[in-house]
Amino acid sequence: MHRLRLWFLLTLAWVLCGTAGAEPVAGVSSPGGTLTVTVSLNDEGRPGYAIVRRGRPVIAESRLGFLLTDAPKLERNFELTDSSTRSVDETWEQPWGERRYVRNKFNELRVRLREKSALHRRLEIVFRVYDDGVGFRYEFPDQSQLKQVNIADELTEFAVVEPATAWWIPAGEWNRYEYLYNRTPLAEVGQAHTPLTMRSADGLHVAIHEAALVDYSSMWLRRVAGQRLKASLSPSADGARVRRTAPFTTPWRTLQIADSAAGLYMSDLILNLNEPNALGDVSWVRPFKYVGIWWSLHLDTESWASGPKHGATTENAKLYIDFAAENGFRGVLVEGWNKGWDGDWFADGSAFSFTEPYSDFDLAAVAAYARERGVHLVGHHETSGFIAHYEDQLEDALDLYARLGIDSVKTGYVADAGGIKTRGADGAIRYEWHDGQVMSRHHIKVVTEAAKRQIMVNPHEPIKDTGLRRTYPNWVAREGARGMEYNAWGNPPNPPEHEANLVFTRMLGGPMDFTPGVLSLVGRGGQPIQSTIAKQLALYVVIYSPIQMAADLPENYAKYPGPFQFIRDVPVDWADTRVLNGEVGDFVTIARKDHDSEDWYLGSVTDENARRPRITLDFLDPRRSYSAQVYRDGDDADWKTNAHSIVIETRPAKHGDVWELALAPGGGQAIRFVAAAPTQ
Ligand code: NOJ
Ligand code: CA
């Protein structure tokens, strides 16, 4: 950019942020000029940054820096030694995802800082500025004055300017991420996980998160005053929350910024800030749908533990395999197949064997039975958070799966937050958090060991998703929020607004193994699920994952052959994605184009309120006509009184048509647009 213009923009941005005592020292605008980031040093030499969007301040001057456990903090007395900018505009292809091609277009600013005091330590900060958001990270250069970096906490702040409403879940609490979303004024947030999503009165949406969380501790957000949020790194039993050796980089701190909720979800910022695929040929990573011995366990009609209720028997697994083969599902998950579930498995995990099946489950025979029918078992490793015990067996466990042709594994870390068990150098047990540096390393270890054996990984009770699927495409999904299981035994179960919350919060991080499709609409003991049957179908489009479970029991699918057809048809890999409308926690409509055909699919879900969103079918190809297979709430549908009321009908559709979607309370709609050959 022309230097004079840049300087004018920076000064303007700075004046708008109304910052006293600090001087702008560098800055950069996004390629389309929408966002401008300014970096400053105040009279104590303390670095800060601010963000302006189209002339309007979004983030006021906010602090940057670190507290260290064994050295003076890295925060004051800095001078700018140098800054530089560069621009990138490239398009890359995803092996699987919400869209095939991703545009990565940004302007980058690198500032190099050095302490004026005796230590002369150096710190670099890199900002990547997109039209739909900003990512910045710290880089610790190689230097003898700060070789071993032991971080007590990060001082990064986000001082949000406009009063805003926030959607958030608590961090540092007993659960990991499985909370219902709070909707409060931003000024009432306590300590929150990211993504934290907010909206100001005039409709500006901002989501704070992070990208590429590698060998580092997760960033929580703690409100320190007014609307000022501060990074707080997930703790460690070790004192220092992060231990690294320079040179290294921190994860990216990210702000997605858009005019609408839809705009937040459409942003590819998180993926773009991750490193490209590190695994080489990943053609063996295949999106798939699966069924499994699972919902019955959560209903408590069968058990993980051995005994008369044991679900994972050879016979039962074969029934699921037959069902999968008949209906075109690639995968069959079998939970409770291995020794260790008897007694209080929640509390311990030391009894788990990841190689020995229970005596009523012939693993080799079941795997062979599946293979003969073109079905793949989905492996299961529940660790109860005892990762030292799991890591002892990891290679043997994955070797066993590889030998049997089991090419995906669902892992699990059921333990209260802070209850991950690892071993210290002295061999004694240490208790860690699910999202600390130890777990960031553990997950990458599992994912890379699995990749060596061409196995896909889907952790439950995971560390949060920061887009690492780009670097490790076999890391296909994870849980990390309240999923369907809460509708079996949750008190309370998921409310109707839950999924419209997830799309604009948790889902900004990446795919979720939510496990939709419970068409029976009842949990344990007959507790109603707060959804219509049409909404269960819509979730396959709305809650993205390259692996999707059809979570209900086969006998329940037999009762609903009409709606079940959509679950059989819906793809799990997409060429394109469009969010047509939506408001956080209220409703959302998403259209996605099949990766392997010209068909489009649409899902729309609402909260407890009936709605009639209007949509324009401008995503359809104007050269084709379509036959739309519509699965909509019946006129009398309501999750409370008539949850199974559904109309399944076929109607013609073409580019530009305007439709009104009638959504019942707790309802939804799913549509398959089947494309005809193009007209010349
Ligand atoms: C919690 C997981 O989310 C669930 O899917 C699984 O069935 C249990 N843990 C047991 O591993
Ligand atoms: Ca869970």
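Assorted remarks:
- Measuring between their Cα centroids, segment 242-272 and segment 567-621 lie 25 Å from each other.
- Ligands, DNA and RNA are left out, and with a 1.4 angstrom probe the accessible area of the chain is 35 Å² per residue.
- Residue ranges 117-127, 659-669 sort as 659-669, 117-127 when ordered by packing (mean number of other C-beta atoms within 10 Å per residue, highest first).
- For the Cα trace of the chain, dividing Rg by the Kirkwood Rh returns an Rg/Rh value of 0.97.
- Modelled this way, with points 7 Å down the Cα-to-C-beta line, the labels at residue 431 and residue 152 are 2.3 nm from one another.
- Computed over protein heavy atoms with a 1.4 angstrom probe, the accessible surface ordering of 174, 220, largest first, is 174, 220.
- Of 80, 319, 186, the residue with the largest accessible area leads and the full order is 319, 80, 186 (1.4 Å probe).
- Segment 279-365 - percent of accessible surface contributed by carbon and sulfur, probe 1.4 Å: 53 percent
- Principal axis box of segment 326-473, alpha-carbon based, largest edge first, Å: 47, 39, 24
- Inter-centroid distance (Cα atoms) of segment 27-80 relative to segment 408-466, Å: 33 Å
- Proximal lysines to residue 464, defined as alpha-carbon separation beneath 18 angstrom and excluding residues fewer than eight positions away on the same chain: 410, 445
- DSSP H segments from the chain that extend 30 Å or more along their own axis, Cα-based, with Kyte-Doolittle mean of -1.0 or above: none
- Exceeding the 28 Å Cα-Cα cut-off - candidates 339/421; 105/289; 230/535; 318/640: 105/289; 230/535; 318/640
- With the helix formula -39500 (n - 2.57) applied to DSSP H stretches of n ≥ 4, the chain reaches a computed 222 nm mean residue ellipticity of -5000 deg cm²/dmol.
- Note on the chain: antiparallel DSSP beta bridges, both residues inside, total approximately 85 percent of the bridges counted.
- Alpha-carbon centroids, segment 647-680 and segment 275-315: separation in whole Å: 33 Å
- Accessible-area order (highest first, 1.4 angstrom probe) of the listed residues 54, 99, 672, 578: 54, 578, 672, 99
- 19 Å reach of a label modelled at residue 489, 7 Å along Cα-to-Cβ, counting backbone N of segment 503-525: 514-516, 518, 521-525
- For segment 268-395, projected area of the alpha-carbon convex hull averaged over all directions, nm²: 10.5 nm²
The values are calculated or read from the model by the stated rules, or taken from the named source; none is laboratory data. From a predicted model like this one, the values you see are computed outputs, not experimental measurements. Positions of Cβ are backbone-derived with ideal geometry, glycine not excepted, and every protein chain shown enters the neighbour counts. When the accessible area is computed, the model is the full protein with side chains, heavy atoms only, and any ligands, DNA or RNA have been set aside. Shrake-Rupley method; radii C 1.70, N 1.55, O 1.52, S 1.80 Å.
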